[in-house]
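First comes the structure, then the notes that go with it.
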Amino acid sequence: MSDVEDFRARARAWLAEQATTYGKEARRGLSVEDDLALGRRYMAARHDAGFAGINWAVEIGGQGLTNLHKVAFEGEEMAWGMPVVYFGISLGMPVPILIHYGQDRDWVKERVRKALRGEEIWCQLFSEPSGGSDLAALRTKAEQDGNGWKLNGQKVWTSWAQYCDYGVIVARNDPNVAKHKGLTYFWVDMKAPGVEVRPIKLAGGDSHVNEVFFDDVKMTDEQRMGAVGGGFGVALHTLMIERYIATDSAGFGPHLDLFIDLAREIEVNEKPALEDGRIRSAIARNYAMRSGLEAITARAMKMMEAGMQPGPEGSLQKLVAVRSRQRLSELAIDLQGNAGFASDPHAFVKESWTASWLNAPTGRIAGGSDEVLLNTIAEKILGLPQDHRPDKGVPFNQIPA
Ligand SMILES: Cc1cc2nc3c(=O)[nH]c(=O)nc-3n(C[C@H](O)[C@H](O)[C@H](O)COP(=O)(O)OP(=O)(O)OC[C@H]3O[C@@H](n4cnc5c(N)ncnc54)[C@H](O)[C@@H]3O)c2cc1C
(Lines give C-alpha, C1' and ligand atoms only; values in the text may rest on other atoms or scores of the structure.)
Protein backbone atom coordinates (compact mmCIF):
# COMPACT_ATOMS: atom_id res chain seq x y z
CA MET A 1 0.00 0.00 0.00
CA SER A 2 1.38 3.45 -0.91
CA ASP A 3 2.06 5.97 1.83
CA VAL A 4 -0.99 8.03 0.75
CA GLU A 5 -3.28 4.97 0.68
CA ASP A 6 -2.04 3.94 4.10
CA PHE A 7 -2.79 7.47 5.37
CA ARG A 8 -6.23 7.36 3.73
CA ALA A 9 -7.04 4.08 5.49
CA ARG A 10 -6.00 5.55 8.86
CA ALA A 11 -8.09 8.67 8.19
CA ARG A 12 -11.11 6.56 7.21
CA ALA A 13 -10.88 4.52 10.42
CA TRP A 14 -10.57 7.66 12.58
CA LEU A 15 -13.46 9.39 10.80
CA ALA A 16 -15.67 6.32 11.23
CA GLU A 17 -15.04 6.47 15.00
CA GLN A 18 -15.97 10.17 15.13
CA ALA A 19 -19.10 9.93 12.95
CA THR A 20 -21.65 9.32 15.72
CA THR A 21 -20.44 12.36 17.69
CA TYR A 22 -19.86 14.82 14.84
CA GLY A 23 -21.32 13.39 11.60
CA LYS A 24 -24.53 14.03 9.65
CA GLU A 25 -26.91 12.37 12.12
CA ALA A 26 -25.45 14.21 15.13
CA ARG A 27 -25.88 17.54 13.27
CA ARG A 28 -29.41 17.04 12.02
CA GLY A 29 -31.73 19.87 13.20
CA LEU A 30 -29.02 21.86 15.06
CA SER A 31 -29.07 25.67 14.93
CA VAL A 32 -26.08 27.27 13.18
CA GLU A 33 -24.66 28.35 16.55
CA ASP A 34 -24.89 24.80 17.99
CA ASP A 35 -23.51 23.29 14.78
CA LEU A 36 -20.59 25.74 14.88
CA ALA A 37 -19.92 24.83 18.53
CA LEU A 38 -19.92 21.14 17.53
CA GLY A 39 -17.61 22.04 14.63
CA ARG A 40 -15.15 23.70 17.01
CA ARG A 41 -15.06 20.51 19.14
CA TYR A 42 -14.54 18.41 16.00
CA MET A 43 -11.65 20.65 14.86
CA ALA A 44 -9.96 20.27 18.28
CA ALA A 45 -10.36 16.47 18.07
CA ARG A 46 -8.99 16.48 14.50
CA HIS A 47 -5.99 18.51 15.66
CA ASP A 48 -5.34 16.15 18.59
CA ALA A 49 -5.55 13.14 16.23
CA GLY A 50 -2.87 14.59 13.89
CA PHE A 51 -5.15 15.31 10.91
CA ALA A 52 -4.93 19.13 11.00
CA GLY A 53 -2.66 21.23 8.79
CA ILE A 54 -1.80 18.07 6.86
CA ASN A 55 0.31 19.72 4.14
CA TRP A 56 1.67 22.55 6.33
CA ALA A 57 5.24 22.62 7.68
CA VAL A 58 5.87 20.96 11.04
CA GLU A 59 7.60 24.15 12.35
CA ILE A 60 4.35 26.09 11.99
CA GLY A 61 2.24 23.36 13.62
CA GLY A 62 1.31 21.26 10.57
CA GLN A 63 1.92 17.59 9.77
CA GLY A 64 4.57 18.14 7.06
CA LEU A 65 2.81 15.81 4.57
CA THR A 66 2.01 16.39 0.88
CA ASN A 67 -0.93 17.98 -0.98
CA LEU A 68 -1.94 14.44 -1.96
CA HIS A 69 -2.35 13.48 1.72
CA LYS A 70 -4.48 16.58 2.27
CA VAL A 71 -6.73 15.89 -0.72
CA ALA A 72 -7.07 12.22 0.36
CA PHE A 73 -8.19 13.26 3.87
CA GLU A 74 -10.66 15.86 2.57
CA GLY A 75 -12.20 13.33 0.16
CA GLU A 76 -12.79 10.88 3.03
CA GLU A 77 -14.04 13.58 5.41
CA MET A 78 -16.59 14.89 2.88
CA ALA A 79 -18.40 11.55 2.90
CA TRP A 80 -19.25 11.83 6.64
CA GLY A 81 -20.78 15.33 6.58
CA MET A 82 -18.60 16.61 9.44
CA PRO A 83 -19.25 20.23 10.60
CA VAL A 84 -16.22 21.73 8.82
CA VAL A 85 -17.92 24.25 6.54
CA TYR A 86 -17.25 27.18 8.93
CA PHE A 87 -13.49 26.58 8.77
CA GLY A 88 -13.09 25.81 5.06
CA ILE A 89 -12.24 29.32 3.88
CA SER A 90 -10.27 30.15 7.02
CA LEU A 91 -7.88 27.21 6.69
CA GLY A 92 -8.15 27.11 2.90
CA MET A 93 -6.75 30.54 2.07
CA PRO A 94 -6.36 33.28 4.75
CA VAL A 95 -4.35 31.23 7.24
CA PRO A 96 -1.96 29.68 4.64
CA ILE A 97 -1.34 33.20 3.27
CA LEU A 98 -0.76 34.51 6.80
CA ILE A 99 1.85 31.76 7.25
CA HIS A 100 3.55 33.01 4.11
CA TYR A 101 3.44 36.78 4.66
CA GLY A 102 2.66 37.42 8.38
CA GLN A 103 5.35 39.65 9.90
CA ASP A 104 5.30 38.71 13.62
CA ARG A 105 6.17 35.00 13.47
CA ASP A 106 5.27 34.16 17.10
CA TRP A 107 1.88 35.81 16.68
CA VAL A 108 1.37 33.92 13.40
CA LYS A 109 2.19 30.60 15.09
CA GLU A 110 -0.38 31.21 17.82
CA ARG A 111 -3.05 32.17 15.22
CA VAL A 112 -2.30 28.99 13.23
CA ARG A 113 -2.72 26.78 16.32
CA LYS A 114 -6.02 28.43 17.25
CA ALA A 115 -7.32 28.33 13.68
CA LEU A 116 -6.44 24.63 13.31
CA ARG A 117 -8.30 23.87 16.55
CA GLY A 118 -11.35 25.87 15.41
CA GLU A 119 -10.89 28.35 18.27
CA GLU A 120 -10.47 31.24 15.82
CA ILE A 121 -11.86 31.71 12.31
CA TRP A 122 -10.54 33.88 9.47
CA CYS A 123 -12.48 35.31 6.53
CA GLN A 124 -11.48 36.51 3.09
CA LEU A 125 -12.44 40.13 2.42
CA PHE A 126 -11.88 40.48 -1.33
CA SER A 127 -15.21 41.10 -3.14
CA GLU A 128 -16.91 44.50 -3.06
CA PRO A 129 -19.96 46.02 -4.75
CA SER A 130 -17.64 47.37 -7.47
CA GLY A 131 -15.01 44.62 -7.50
CA GLY A 132 -15.90 40.92 -7.79
CA SER A 133 -14.77 39.08 -10.92
CA ASP A 134 -12.59 42.11 -11.58
CA LEU A 135 -10.96 42.20 -8.15
CA ALA A 136 -8.57 45.01 -9.13
CA ALA A 137 -11.57 47.35 -9.50
CA LEU A 138 -12.08 47.41 -5.71
CA ARG A 139 -12.54 50.77 -3.95
CA THR A 140 -11.95 50.14 -0.22
CA LYS A 141 -9.21 52.61 0.79
CA ALA A 142 -6.14 52.02 2.97
CA GLU A 143 -4.51 55.39 3.72
CA GLN A 144 -1.27 55.89 5.58
CA ASP A 145 -2.02 57.27 9.05
CA GLY A 146 1.04 58.08 11.19
CA ASN A 147 3.08 54.86 11.39
CA GLY A 148 0.09 52.75 10.48
CA TRP A 149 -2.98 52.69 8.20
CA LYS A 150 -6.63 53.71 8.20
CA LEU A 151 -9.22 51.56 6.40
CA ASN A 152 -12.50 52.85 4.91
CA GLY A 153 -14.96 51.12 2.58
CA GLN A 154 -17.21 48.11 2.11
CA LYS A 155 -16.81 44.43 1.27
CA VAL A 156 -19.66 42.09 0.34
CA TRP A 157 -20.39 38.33 0.18
CA THR A 158 -17.86 37.69 2.95
CA SER A 159 -18.52 34.10 4.02
CA TRP A 160 -18.87 33.51 7.78
CA ALA A 161 -17.68 37.07 8.65
CA GLN A 162 -20.17 37.21 11.53
CA TYR A 163 -18.27 34.40 13.30
CA CYS A 164 -14.76 35.51 12.35
CA ASP A 165 -11.99 36.84 14.55
CA TYR A 166 -9.70 38.03 11.76
CA GLY A 167 -9.76 38.53 8.00
CA VAL A 168 -7.40 39.11 5.12
CA ILE A 169 -8.21 42.15 3.00
CA VAL A 170 -7.06 43.86 -0.19
CA ALA A 171 -7.46 47.66 -0.27
CA ARG A 172 -6.48 50.53 -2.55
CA ASN A 173 -3.55 52.56 -1.24
CA ASP A 174 -2.88 54.54 -4.45
CA PRO A 175 -5.60 55.56 -6.95
CA ASN A 176 -3.08 57.40 -9.18
CA VAL A 177 -1.57 54.25 -10.73
CA ALA A 178 -3.06 51.44 -12.88
CA LYS A 179 -5.73 49.48 -11.01
CA HIS A 180 -3.60 46.35 -10.35
CA LYS A 181 -0.68 48.37 -9.04
CA GLY A 182 -2.27 50.53 -6.32
CA LEU A 183 -3.40 47.71 -4.01
CA THR A 184 -1.98 46.53 -0.66
CA TYR A 185 -2.84 43.40 1.36
CA PHE A 186 -3.38 43.33 5.15
CA TRP A 187 -4.85 41.23 7.90
CA VAL A 188 -7.58 42.93 9.89
CA ASP A 189 -9.04 42.37 13.35
CA MET A 190 -12.77 41.74 12.83
CA LYS A 191 -13.50 42.92 16.41
CA ALA A 192 -11.68 46.27 15.95
CA PRO A 193 -13.64 49.52 16.44
CA GLY A 194 -15.22 50.63 13.13
CA VAL A 195 -15.84 47.11 11.73
CA GLU A 196 -19.53 46.36 11.18
CA VAL A 197 -20.82 43.03 9.87
CA ARG A 198 -24.35 42.73 8.41
CA PRO A 199 -25.53 39.22 7.44
CA ILE A 200 -27.37 38.76 4.09
CA LYS A 201 -30.25 36.26 3.96
CA LEU A 202 -30.00 33.84 1.03
CA ALA A 203 -32.85 32.10 -0.84
CA GLY A 204 -32.39 28.86 1.15
CA GLY A 205 -32.97 30.79 4.41
CA ASP A 206 -29.36 30.74 5.63
CA SER A 207 -27.22 33.84 6.20
CA HIS A 208 -23.66 32.68 5.80
CA VAL A 209 -22.58 35.65 3.65
CA ASN A 210 -22.27 39.22 4.88
CA GLU A 211 -21.69 42.84 4.06
CA VAL A 212 -18.72 44.22 6.02
CA PHE A 213 -18.22 47.95 6.55
CA PHE A 214 -14.96 49.64 7.60
CA ASP A 215 -15.16 53.10 9.11
CA ASP A 216 -11.74 54.59 10.01
CA VAL A 217 -10.45 51.18 11.15
CA LYS A 218 -6.87 51.50 12.43
CA MET A 219 -4.21 49.00 11.37
CA THR A 220 -0.52 48.92 12.28
CA ASP A 221 2.10 48.51 9.57
CA GLU A 222 2.75 45.02 11.05
CA GLN A 223 -0.65 44.03 9.64
CA ARG A 224 0.59 44.61 6.11
CA MET A 225 1.24 41.39 4.15
CA GLY A 226 3.66 41.89 1.27
CA ALA A 227 4.92 45.16 -0.18
CA VAL A 228 2.96 48.42 -0.38
CA GLY A 229 1.41 48.29 -3.88
CA GLY A 230 2.01 44.51 -4.11
CA GLY A 231 -1.48 43.52 -2.95
CA PHE A 232 -2.72 42.15 -6.26
CA GLY A 233 0.15 39.64 -6.41
CA VAL A 234 -0.62 38.46 -2.85
CA ALA A 235 -4.33 38.19 -3.79
CA LEU A 236 -3.44 35.99 -6.80
CA HIS A 237 -1.22 33.87 -4.54
CA THR A 238 -4.21 33.47 -2.17
CA LEU A 239 -6.47 32.25 -4.99
CA MET A 240 -3.81 29.84 -6.31
CA ILE A 241 -3.75 27.95 -2.97
CA GLU A 242 -7.26 26.69 -3.85
CA ARG A 243 -5.77 24.36 -6.47
CA TYR A 244 -5.10 21.73 -3.83
CA ILE A 245 -8.61 21.04 -2.62
CA ALA A 246 -10.67 17.88 -2.95
CA THR A 247 -13.15 18.23 -5.81
CA ASP A 248 -16.53 16.55 -6.01
CA SER A 249 -17.88 15.51 -9.40
CA ALA A 250 -21.43 15.80 -7.92
CA GLY A 251 -20.77 19.59 -7.68
CA PHE A 252 -21.14 19.35 -3.87
CA GLY A 253 -24.78 18.30 -4.36
CA PRO A 254 -26.41 14.84 -3.98
CA HIS A 255 -24.70 11.80 -5.52
CA LEU A 256 -26.11 10.36 -8.75
CA ASP A 257 -27.01 7.14 -6.84
CA LEU A 258 -29.60 9.15 -4.86
CA PHE A 259 -31.21 10.24 -8.13
CA ILE A 260 -31.34 6.62 -9.31
CA ASP A 261 -33.02 5.60 -6.01
CA LEU A 262 -35.58 8.38 -6.47
CA ALA A 263 -36.26 7.38 -10.09
CA ARG A 264 -36.89 3.81 -8.89
CA GLU A 265 -39.47 4.95 -6.33
CA ILE A 266 -41.38 7.52 -8.40
CA GLU A 267 -43.79 6.51 -11.15
CA VAL A 268 -44.16 8.24 -14.51
CA ASN A 269 -47.02 6.97 -16.72
CA GLU A 270 -47.63 4.14 -14.22
CA LYS A 271 -44.09 2.83 -14.51
CA PRO A 272 -40.98 3.54 -12.40
CA ALA A 273 -39.37 6.74 -13.72
CA LEU A 274 -36.18 4.74 -14.09
CA GLU A 275 -37.78 2.96 -17.08
CA ASP A 276 -38.46 6.27 -18.87
CA GLY A 277 -36.03 6.89 -21.73
CA ARG A 278 -35.63 10.61 -20.92
CA ILE A 279 -34.69 9.84 -17.31
CA ARG A 280 -32.27 7.11 -18.41
CA SER A 281 -30.63 9.53 -20.81
CA ALA A 282 -30.28 12.21 -18.06
CA ILE A 283 -28.62 9.60 -15.83
CA ALA A 284 -26.28 8.52 -18.62
CA ARG A 285 -25.29 12.13 -19.41
CA ASN A 286 -24.59 12.86 -15.75
CA TYR A 287 -22.58 9.64 -15.41
CA ALA A 288 -20.48 10.49 -18.48
CA MET A 289 -19.84 14.02 -17.19
CA ARG A 290 -18.79 12.71 -13.77
CA SER A 291 -16.47 10.12 -15.31
CA GLY A 292 -14.80 12.85 -17.38
CA LEU A 293 -14.28 15.07 -14.33
CA GLU A 294 -12.99 12.15 -12.28
CA ALA A 295 -10.47 11.41 -15.05
CA ILE A 296 -9.25 15.04 -14.88
CA THR A 297 -8.91 14.72 -11.08
CA ALA A 298 -7.03 11.43 -11.42
CA ARG A 299 -4.64 13.10 -13.88
CA ALA A 300 -4.10 16.05 -11.50
CA MET A 301 -3.30 13.55 -8.71
CA LYS A 302 -0.74 11.81 -10.93
CA MET A 303 0.84 15.17 -11.75
CA MET A 304 1.06 16.02 -8.05
CA GLU A 305 2.59 12.58 -7.33
CA ALA A 306 5.22 13.36 -9.98
CA GLY A 307 5.96 16.70 -8.26
CA MET A 308 4.21 18.76 -10.97
CA GLN A 309 1.51 21.43 -10.53
CA PRO A 310 -2.03 20.59 -11.68
CA GLY A 311 -2.89 22.63 -14.79
CA PRO A 312 -5.67 25.10 -15.63
CA GLU A 313 -8.01 22.22 -16.62
CA GLY A 314 -9.11 22.29 -12.95
CA SER A 315 -11.35 25.25 -13.93
CA LEU A 316 -13.58 22.74 -15.71
CA GLN A 317 -14.49 20.99 -12.45
CA LYS A 318 -16.71 23.57 -10.75
CA LEU A 319 -18.11 24.91 -14.02
CA VAL A 320 -19.31 21.54 -15.29
CA ALA A 321 -20.13 19.83 -11.98
CA VAL A 322 -22.27 22.62 -10.46
CA ARG A 323 -24.19 23.21 -13.71
CA SER A 324 -24.96 19.47 -13.97
CA ARG A 325 -25.94 19.34 -10.31
CA GLN A 326 -28.38 22.21 -10.87
CA ARG A 327 -29.96 20.41 -13.86
CA LEU A 328 -30.22 17.08 -12.04
CA SER A 329 -31.69 18.76 -8.94
CA GLU A 330 -34.32 20.49 -11.07
CA LEU A 331 -35.26 17.18 -12.70
CA ALA A 332 -35.49 15.49 -9.27
CA ILE A 333 -37.81 18.27 -8.03
CA ASP A 334 -39.97 17.95 -11.17
CA LEU A 335 -40.25 14.18 -10.66
CA GLN A 336 -41.49 14.68 -7.10
CA GLY A 337 -44.32 17.02 -8.13
CA ASN A 338 -45.58 19.22 -5.27
CA ALA A 339 -43.48 17.29 -2.75
CA GLY A 340 -40.38 18.64 -4.51
CA PHE A 341 -41.13 22.12 -3.18
CA ALA A 342 -41.00 21.06 0.49
CA SER A 343 -38.01 23.00 1.77
CA ASP A 344 -36.42 22.02 5.08
CA PRO A 345 -33.98 24.69 6.40
CA HIS A 346 -32.00 21.94 8.17
CA ALA A 347 -31.66 19.72 5.08
CA PHE A 348 -28.17 18.88 3.85
CA VAL A 349 -27.33 20.07 0.35
CA LYS A 350 -25.72 16.69 -0.37
CA GLU A 351 -28.92 14.83 0.51
CA SER A 352 -31.86 17.05 -0.44
CA TRP A 353 -32.64 17.89 -4.07
CA THR A 354 -34.61 20.98 -3.05
CA ALA A 355 -31.79 22.33 -0.84
CA SER A 356 -29.30 21.48 -3.60
CA TRP A 357 -31.34 23.32 -6.25
CA LEU A 358 -31.83 26.40 -4.03
CA ASN A 359 -28.12 26.57 -3.24
CA ALA A 360 -26.76 25.78 -6.74
CA PRO A 361 -26.82 29.37 -8.12
CA THR A 362 -24.42 30.53 -5.39
CA GLY A 363 -22.08 27.70 -6.44
CA ARG A 364 -22.09 29.11 -9.98
CA ILE A 365 -20.85 32.49 -8.69
CA ALA A 366 -18.64 31.85 -5.64
CA GLY A 367 -14.99 31.07 -6.34
CA GLY A 368 -15.25 32.39 -9.93
CA SER A 369 -18.50 32.79 -11.91
CA ASP A 370 -19.31 30.51 -14.86
CA GLU A 371 -18.42 33.22 -17.38
CA VAL A 372 -15.08 33.95 -15.72
CA LEU A 373 -14.23 30.22 -15.71
CA LEU A 374 -15.19 30.07 -19.41
CA ASN A 375 -12.75 32.93 -20.02
CA THR A 376 -10.01 31.02 -18.15
CA ILE A 377 -10.72 27.91 -20.24
CA ALA A 378 -10.70 29.97 -23.45
CA GLU A 379 -7.43 31.73 -22.65
CA LYS A 380 -5.44 29.19 -20.63
CA ILE A 381 -6.58 25.84 -22.08
CA LEU A 382 -7.68 26.66 -25.63
CA GLY A 383 -5.13 29.45 -26.16
CA LEU A 384 -7.73 31.89 -27.54
CA PRO A 385 -6.99 35.65 -27.49
CA GLN A 386 -7.35 37.54 -24.18
CA ASP A 387 -10.66 39.06 -23.08
CA HIS A 388 -11.02 42.77 -24.06
CA ARG A 389 -9.39 44.88 -21.28
CA PRO A 390 -10.00 48.56 -22.15
CA ASP A 391 -8.76 49.87 -18.76
CA LYS A 392 -5.37 48.12 -18.93
CA GLY A 393 -2.60 50.52 -17.80
CA VAL A 394 -5.04 53.43 -17.20
CA PRO A 395 -4.60 55.14 -13.77
CA PHE A 396 -7.44 53.92 -11.52
CA ASN A 397 -8.80 57.43 -10.85
CA GLN A 398 -9.18 58.02 -14.61
CA ILE A 399 -11.30 54.89 -15.26
CA PRO A 400 -14.93 56.00 -15.77
CA ALA A 401 -17.16 54.64 -12.96
C1 LIG B 1 -22.06 32.01 -1.62
C2 LIG B 1 -20.97 33.01 -1.92
C3 LIG B 1 -19.88 33.12 -1.05
C4 LIG B 1 -18.88 34.05 -1.31
N5 LIG B 1 -17.85 34.19 -0.39
C6 LIG B 1 -16.92 35.16 -0.59
C7 LIG B 1 -15.91 35.40 0.41
O8 LIG B 1 -15.85 34.73 1.45
N9 LIG B 1 -15.02 36.39 0.19
C10 LIG B 1 -15.05 37.16 -0.96
O11 LIG B 1 -14.21 38.04 -1.09
N12 LIG B 1 -16.01 36.97 -1.91
C13 LIG B 1 -16.95 35.99 -1.73
N14 LIG B 1 -17.94 35.80 -2.68
C15 LIG B 1 -18.01 36.71 -3.83
C16 LIG B 1 -17.61 36.09 -5.14
O17 LIG B 1 -16.22 35.89 -5.20
C18 LIG B 1 -18.11 37.06 -6.23
O19 LIG B 1 -19.53 37.08 -6.15
C20 LIG B 1 -17.68 36.62 -7.59
O21 LIG B 1 -16.29 36.81 -7.73
C22 LIG B 1 -18.42 37.43 -8.69
O23 LIG B 1 -18.30 38.79 -8.47
P24 LIG B 1 -19.58 39.74 -8.43
O25 LIG B 1 -20.60 39.12 -7.54
O26 LIG B 1 -19.10 41.10 -8.12
O27 LIG B 1 -20.16 39.71 -9.90
P28 LIG B 1 -19.60 40.52 -11.15
O29 LIG B 1 -18.12 40.35 -11.23
O30 LIG B 1 -20.13 41.91 -11.08
O31 LIG B 1 -20.28 39.73 -12.33
C32 LIG B 1 -21.63 39.98 -12.76
C33 LIG B 1 -21.91 39.09 -13.98
O34 LIG B 1 -21.02 39.47 -15.05
C35 LIG B 1 -20.27 38.33 -15.49
N36 LIG B 1 -18.90 38.76 -15.84
C37 LIG B 1 -18.03 39.45 -15.06
N38 LIG B 1 -16.86 39.64 -15.71
C39 LIG B 1 -16.98 39.03 -16.92
C40 LIG B 1 -16.12 38.89 -18.04
N41 LIG B 1 -14.87 39.38 -18.03
N42 LIG B 1 -16.58 38.20 -19.10
C43 LIG B 1 -17.84 37.69 -19.13
N44 LIG B 1 -18.72 37.82 -18.11
C45 LIG B 1 -18.29 38.47 -17.01
C46 LIG B 1 -20.25 37.39 -14.31
O47 LIG B 1 -20.07 36.05 -14.71
C48 LIG B 1 -21.64 37.61 -13.71
O49 LIG B 1 -22.60 36.86 -14.41
C50 LIG B 1 -18.94 34.86 -2.46
C51 LIG B 1 -20.02 34.73 -3.35
C52 LIG B 1 -21.04 33.83 -3.08
C53 LIG B 1 -22.18 33.74 -4.04
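The values are calculated or read from the model by the stated rules, or taken from the named source; none is laboratory data. Fair warning: this is a prediction, and the values are worked out from it, not measured in the lab. Ideal geometry is used to build each Cβ from the backbone, glycine not excepted, and the neighbour counts take in all protein chains shown.
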| task | Please state which of the following conditions residue 178 fails to meet, knowing it meets all the rest: (1) within 14 Å of the ligand (Cβ to nearest atom); (2) under 26 Å from residue 373 (Cα atoms); (3) in contact with a strand residue (DSSP E or B) (Cβ under 8 Å, 6 or more places away or on another chain). | result | (1)
| said: Can you say whether residue 368 is under 27 Å from residue 127 (Cβ atoms), in contact with a strand residue (DSSP E or B) (Cβ under 6 Å, 6 or more places away or on another chain) and either part of a helix (DSSP H, G or I) or at pLDDT below 95 (or both), as far as the supplied structure shows? | reply: no
| Going by the structure shown, is residue 358 surrounded by 15 or more Cβ atoms within 10 Å (Cβ to Cβ), within 14 Å of the ligand (Cβ to nearest atom) and in contact (Cβ under 8 Å) with a residue 24 or more places away in the chain? | yes
| remark: Of all helices (runs of 4 or more DSSP H) fully inside the range 34-151, the set with 2 or more residues that are free of Cβ contacts under 8 Å to residues at least 12 places away in the same chain and not charged (D, E, K, R) is none
| helices (runs of 4 or more DSSP H) completely within the range 197-309 that count 2 or more residues being over 20 Å from the mean Cα position of the chain (by Cα) | 256-265, 277-305
| query | (1) modelled with pLDDT of 95 or more; (2) touching an Asp or Glu at 6+ places or on another chain (Cβ under 9 Å): which one isn't true of residue 62, the others all being true? | reply | (2)
| query | Of these, 350, 302, 318, which one is closer than 30 Å to residue 68 by Cα, without any contact (Cβ under 8 Å) to a residue 12 or more places away in the chain and outside the structural domain of residue 67 (by TED's automatic domain parsing)? | reply | 302
| Yes or no: residue 394 of a type in the set (A, V, I, L, M, F, W, C), under 15 Å from residue 132 (Cβ atoms) and either touching a residue at least 24 places away in the same chain (Cβ under 8 Å) or out of contact with any Leu (no Cβ under 7 Å at 6 or more places or on another chain) (or both)? | no
| note | Within the range 360-380, restricting to residues that are closer than 19 Å to residue 247 by Cα and among the hydrophobic types (A, V, I, L, M, F, W, C), the one that is nearest to the chain's Cα centre (by Cα) is 366
| task | Report yes if some residue within the range 224-233 is closer than 19 Å to residue 96 by Cβ, of a type outside the set (A, V, I, L, M) and touching a helix residue (DSSP H, G or I) at 6+ places or on another chain (Cβ under 7 Å); otherwise report no. | result | yes
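Results for (1) within 16 Å of the ligand (Cβ to nearest atom); (2) part of a loop (DSSP other than H, G, I, E, B); (3) more than 25 Å from residue 295 (Cβ to Cβ), shown as yes or no for each residue.
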{"site": "319", "(1), (2), (3)": "yes, no, no"}
{"site": "322", "(1), (2), (3)": "yes, no, no"}
{"site": "326", "(1), (2), (3)": "yes, no, no"}
{"site": "354", "(1), (2), (3)": "no, no, yes"}
{"site": "375", "(1), (2), (3)": "yes, no, no"}
{"site": "387", "(1), (2), (3)": "yes, yes, yes"}
{"site": "393", "(1), (2), (3)": "no, yes, yes"}
| field | Residue, nearest to the ligand (Cβ to nearest atom), within the range 138-156, restricted to residues that are hydrophobic (A, V, I, L, M, F, W, C) and touching an Asp or Glu at 6+ places or on another chain (Cβ under 8 Å) | value | 156
| message | Suppose we keep only residues that are among the aromatic types (Phe, Trp, Tyr) and within 20 Å of the chain's Cα centre (by Cα) within the range 340-357. Which one would you say is farthest from residue 204 (Cα to Cα)? | response | 348
| Enumeration of residues in the range 106-137 that are within 16 Å of the ligand (Cβ to nearest atom), closer than 24 Å to residue 228 by Cβ and out of contact with any Ser or Thr (no Cβ under 9 Å at 6 or more places or on another chain) | 130, 134, 136
